[in-house]
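Each remark here refers to the structure printed beneath this line.
The values are calculated or read from the model by the stated rules, or taken from the named source; none is laboratory data. Since the structure is predicted, the reported quantities are computational estimates derived from the model, not experimental observations. Note: ideal-geometry Cβ built from the backbone for every residue, glycine included; neighbour counts use all protein chains shown.
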Ligand code: GTP
């Protein structure tokens, strides 16, 4: 294809501002699908994405659009994930495009997530076309939103396209703006092949499908290619694009976006950001910007029913086929039996995997408290040399006497909120050991920048933020490295026995409050026994909080009037059976639900 007839663009939008709806309209308007096929949003193709309305895996469609100038253009629309956890995938998608549509809800205005993505897009030298969507809403204020785009982002919004993706208004105008404003790609057919691996996923029929953006050269069937970062070689056996239906093509040339398959079995071998070139006469230099993504949040996943362990192993293995960004390894816990320790890109990623296991694989799971990765310097002991370890699991916390220093990951968060919620949000950040970096006001809204320890955020920060701002505050973050912290392991003891699944790493200053909270919750969650049950939170040998569950008054054996021992025993046995679904701790039975509930509210 003539390079001047190609346009590659993505859509930047805050969650719910209408990205998918607009994409669907563009597909419909260019005839990619019939009306009946349009009945479902096509770009969001996983169930969970649909239900939560969140785009997880990037998908790209090729649209053929005959513009008002009479020429037919090849428009490659790249869908990007809309959540902070998937920031690296977003960055690679952006790198594959020359421009972006910035979709802003006419009633909501600019939000923090939008900003982060816009800045990324600007960094990629994109031409950005503002689109103000949902103009059909009674609360729509397109003029105000234009001003916001100019003031906050610094983009000229005078020619913003006004749309209602829902009612199909302004769609042709969007397509014309793409053709007129977004520059065509550049590239050279005769140079050695250089293609960026933008995304990859597992397809049960095709194996691993790889989305590519060709920079120079041509990709075609039968070519022997190598992945420069991964170091592997493959035979290309199919090239094509999505319209959104899968369509085979003779080749993918410079400036074009499409997919290839090459008999690859695991997505792990096709890492986002890698450079694909030919084995013979290939490029010598890889594309810039390759990064290996590392999980940052870890938790234990255990089957409620121990008999489901094998099923869990299989299911996790299957999910992993399609998502190389989460990791897992077998783990065993005294409390929860056999399970896995899994690592995720963030909390949303964790929730998605957990939900898919529950829903698609029909597994009942217990998730332990999420934890981040700590770096610990250990001093020399009599038997071991000095060492540095990375701690993923509080259960592996080393002997405190050997700990010289602990570093924890920090993030820089940008929160964008209407004024009235600012006070409560500042308090929330302060309670979570946040350090305020910046606070500015733009048009009746505040933009706050905080540095926060990641371990204070992984629990329920996002939920809290949403609830205190009634959903209006938006939140975006990036990791900024490790910092030393006064961190300790807090154990929870039930009837004097530690419950490993409940132990966590906390900052010394907040340990007492967290410990007290946990003991109070457990007190309500654990049923009474025939004896008093102490519940304690402790750091090392020192108890920092304590609650006691009073003994059960009603003695089941009281009915037995005196001495019939065998009858007494029968009754006790019967009572024991009723507890089968509980875990025993120092003679105390803890119902399965108590673990979950205690952690959930953590
Ligand atoms: P993510 O995939 O989560 O990023 O969301 P999104 O930006 O793709 O939003 P989506 O297209 O799913 O739209 C969110 C909601 O807004 C849906 O309920 C849409 O029906 C609605 N919506 C989209 N466009 C319009 C519009 O022009 N007008 C009105 N009134 N509603 C719209």
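One residue alone among 269, 233 is surrounded by fewer than 21 Cβ atoms within 10 Å (Cβ to Cβ) and either under 26 Å from the mean Cα position of the chain (by Cα) or modelled with pLDDT under 90 (or both), and that residue is 269. Of the residues 259, 309, 338, the single one that is in a strand (DSSP E or B) and surrounded by fewer than 22 Cβ atoms within 10 Å (Cβ to Cβ) is 338. Restricting 122, 135, 152 to residues that are in a helix (DSSP H, G or I) and either within 15 Å of the ligand (Cβ to nearest atom) or under 23 Å from residue 466 (Cα atoms) (or both) narrows the list to 152.
The lone criterion from (1) touching a helix residue (DSSP H, G or I) at 6+ places or on another chain (Cβ under 9 Å); (2) under 15 Å from residue 8 (Cβ atoms); (3) modelled with pLDDT of 95 or more left unmet by residue 215 is number (1). If only residues of segment 169-191 that are free of Cβ contacts under 8 Å to residues at least 40 places away in the same chain and within 16 Å of the ligand (Cβ to nearest atom) are counted, the one that is nearest to residue 278 (Cα to Cα) is 173. Against the test of being at pLDDT 55 or above, more than 9 Å from the ligand (Cβ to nearest atom) and assigned to a helix (DSSP H, G or I), the options 48, 12, 27 yield a single qualifying residue, 27. Evaluate segment 155-168: report whether one residue or more is away from the ligand (no atom under 14 Å from the Cβ), in contact with a strand residue (DSSP E or B) (Cβ under 8 Å, 6 or more places away or on another chain) and part of a helix (DSSP H, G or I). There is no residue in segment 155-168 that is away from the ligand (no atom under 14 Å from the Cβ), in contact with a strand residue (DSSP E or B) (Cβ under 8 Å, 6 or more places away or on another chain) and part of a helix (DSSP H, G or I). Based on this model, can you work out whether residue 103 counts as crowded, with 21+ Cβ neighbours inside 10 Å and part of a loop (DSSP other than H, G, I, E, B)? So residue 103 fails the test. All of 22, 77 fail the test of being modelled with pLDDT of 80 or more, assigned to a helix (DSSP H, G or I) and in contact with a strand residue (DSSP E or B) (Cβ under 8 Å, 6 or more places away or on another chain), apart from 22. From the list 166, 144, 181, the lone residue that is surrounded by fewer than 19 Cβ atoms within 10 Å (Cβ to Cβ) and closer than 15 Å to residue 11 by Cβ is 181. Within segment 277-299, the set of residues being over 17 Å from the mean Cα position of the chain (by Cα) and modelled with pLDDT of 85 or more comprises 277, 278, 279, 280, 281, 282, 283, 284, 285, 286, 287, 288. When we screen 98, 89 for residues that are more than 12 Å from the ligand (Cβ to nearest atom) and modelled with pLDDT of 85 or more, the only hit is 98.
Among the residues of segment 495-527, those identified as modelled with pLDDT under 90, surrounded by 19 or more Cβ atoms within 10 Å (Cβ to Cβ) and more than 24 Å from residue 373 (Cα to Cα) are 495, 521, 522, 526.
Against the list (1) closer than 18 Å to residue 246 by Cβ; (2) more than 15 Å from the ligand (Cβ to nearest atom); (3) at pLDDT 90 or above; (4) surrounded by 15 or more Cβ atoms within 10 Å (Cβ to Cβ), the condition residue 64 fails is (4). Look at (1) modelled with pLDDT under 80; (2) within 8 Å of the ligand (Cβ to nearest atom); (3) surrounded by fewer than 20 Cβ atoms within 10 Å (Cβ to Cβ) and you find that residue 40 fails only one, number (2).
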